[in-house]
Amino acid sequence: MSGNFWKSSHYQQWLLDPQEIMLHRIKDLQAFNLKEDEYYKLMIFFANFIQALGENLRLRQQVIATATVYLRRFYSKYSLKCIDPFLLAPTCLFLATKVEEFGLPSQHRFATVTANLVKTKYSHLFPQEYPYKIGHIWECEFYLLEVMDCCLILYHPYRPLVQFVNDLSPDDQSLLQQAWRVCNDSLRTDLCLMYPPSLIALGCLHIACVHLKKDAKHWFSELNVDLEKLFEVVRHIMFLYDIWKSFDEKDKIKEIIGKIGKPRLSNASGEQPPQTLQMAQRPHVISQQQQNQPQQDIRAQH
């Protein structure tokens with residue numbers, strides 16, 4: 001692991017231009033007849049799904065954050081058609097437990113907890129049994145590793161946030177807790193794909209200061225930071241909160257997911273070949289012919 005963010009693969013390969021992200025995303029918007037805010041809500045939903053699964057497994061927040069960024073990275077490069085998000089989301093969490101060195105007591109229990117969560121909390125989306133077994137997750141993990149070019153080490157905003165709070169207002173636990181919650185919420189935006197974690201941490205701290213009516217103008221004015229980019233981070237998070245206010249997850253998400261199709265499995269035994277992991281509209285998980293590039297180009301694009 002690189003101790004310097006600016007020399008890491010996170011910075012060198014995975015801070016993307018917003019136009020590049022939108023270029024890939026617009027294909028899904030057109031293919032599924034989705035509005036931009038519907039896509040946004042879909043990503044919020046699957047971030048919430050990862051959060052709920054992580055809490056059921058009693059994982060650390062950093063593991064959950066890493067998994068959420070993995071999901072964002074995958075869909076920043078590939079379509080929702082490639083892998084069912086209901087499979088990719090637990091796969092991202094499964095991989096994150098390894099990367100963050102959080103050992104699971106049982107891999108098969110991981111699949112069982114996932115199925116139970118879907119049955120109890122998301123039964124309105126899966127009237128039948130959750131179709132994916134641990135074998136599907138193992139297989140999907142290889143595709144995820146390939147797409148990310150094995151760039152697995154992430155830098156999150158939490159550590160710089162603690163440093164900033166200690167500098168601004170030492171021992172102010174209410175400020176730290178509020179900013180920490182905003183950091184968790186920021187995972188439901190594209191910020192992790194566009195900005196360094198230190199800048200995201202500052203944006204979260206700014207929002208927390210405003211919420212708690214804490215005057216920190218002088219402290220922020222002395223920072224050696226691009227204020228335009230800082231306020232762009234703040235705008236992204238505030239836009240998230242605006243979307244969230246009107247997002248009735250249980251009421252709206254079924255309609256949105258209905259637009260992107262259902263996964264097609266030949267049976268529920270866990271013995272299916274790779275092509276059965278696809279969305280209904282695709283004949284393969286990630287078809288090289290459909291992506292119009294040979295296997296080696298998947299790595300080259302990063």
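See the values below:
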quantity	calculated
Residues of the stretch 240-254 that turn out to be at pLDDT 80 or above and open to solvent by 100 Å² or more (accessible area, probe 1.4 Å), as a count	2
Residue, farthest from GLU249 (Cα to Cα), within the stretch 52-63, restricted to residues that are part of a helix (DSSP H, G or I) and without any contact (Cβ under 8 Å) to a residue 40 or more places away in the chain	VAL63
Filter result for GLU232 (under 25 Å from the mean Cα position of the chain (by Cα) and among the charged types (D, E, K, R))	yes
The stretch 135-154 residues that are within 19 Å of VAL63 (Cα to Cα), paired with ones that are open to solvent by 40 Å² or more (accessible area, probe 1.4 Å) and in a helix (DSSP H, G or I) (beta carbon under 6 Å, 6 or more apart)	CYS151/GLN13
Unmet requirement for ARG109, which otherwise passes all of (1) in contact (Cβ under 8 Å) with a residue 24 or more places away in the chain; (2) out of contact with any helix residue (DSSP H, G or I) (no Cβ under 8 Å at 6 or more places or on another chain)	(1)
Flag for LYS214 being in contact with a helix residue (DSSP H, G or I) (Cβ under 9 Å, 6 or more places away or on another chain), among the basic types (Lys, Arg) and open to solvent by 80 Å² or more (accessible area, probe 1.4 Å)	no
Restricting the stretch 30-40 to residues that are over 16 Å from ASP84 (Cα atoms) and in a helix (DSSP H, G or I), the residue that is farthest from the chain's Cα centre (by Cα)	GLN30
Single condition LEU265 does not satisfy, out of (1) at pLDDT below 90; (2) surrounded by 15 or more Cβ atoms within 10 Å (Cβ to Cβ); (3) farther than 23 Å from SER79 by Cβ	(3)
Residue satisfying condition, being out of contact with any His (no Cβ under 9 Å at 6 or more places or on another chain) and open to solvent by less than 10 Å² (accessible area, probe 1.4 Å), within set LEU57, LEU53	LEU53
Hey, LYS252 touching a residue at least 24 places away in the same chain (Cβ under 8 Å) and closer than 19 Å to LEU161 by Cβ or not	no
Matching residues in the stretch 90-134 - criterion: being among the small types (Gly, Ala, Ser), modelled with pLDDT of 90 or more and either over 16 Å from LEU57 (Cα atoms) or under 18 Å from the mean Cα position of the chain (by Cα) (or both)	ALA96
Qualifying positions in the stretch 115-150 - within 17 Å of ILE257 (Cβ to Cβ) and in contact with a Leu (Cβ under 6 Å, 6 or more places away or on another chain)	LEU117, PRO131, TYR132
Spans of helices (runs of 4 or more DSSP H) in the stretch 70-162 with at least 3 residues open to solvent by 20 Å² or more (accessible area, probe 1.4 Å)	107-121, 134-147
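The values are calculated or read from the model by the stated rules, or taken from the named source; none is laboratory data. From a predicted model like this one, the values you see are computed outputs, not experimental measurements. When we count neighbours, we look across all protein chains shown, and the Cβ atoms used for this are built from the backbone with ideal geometry, even at glycine. Each accessible area value is taken on the protein alone, full model and side chains, heavy atoms only, with ligands, DNA and RNA left out. Shrake-Rupley method; radii C 1.70, N 1.55, O 1.52, S 1.80 Å.
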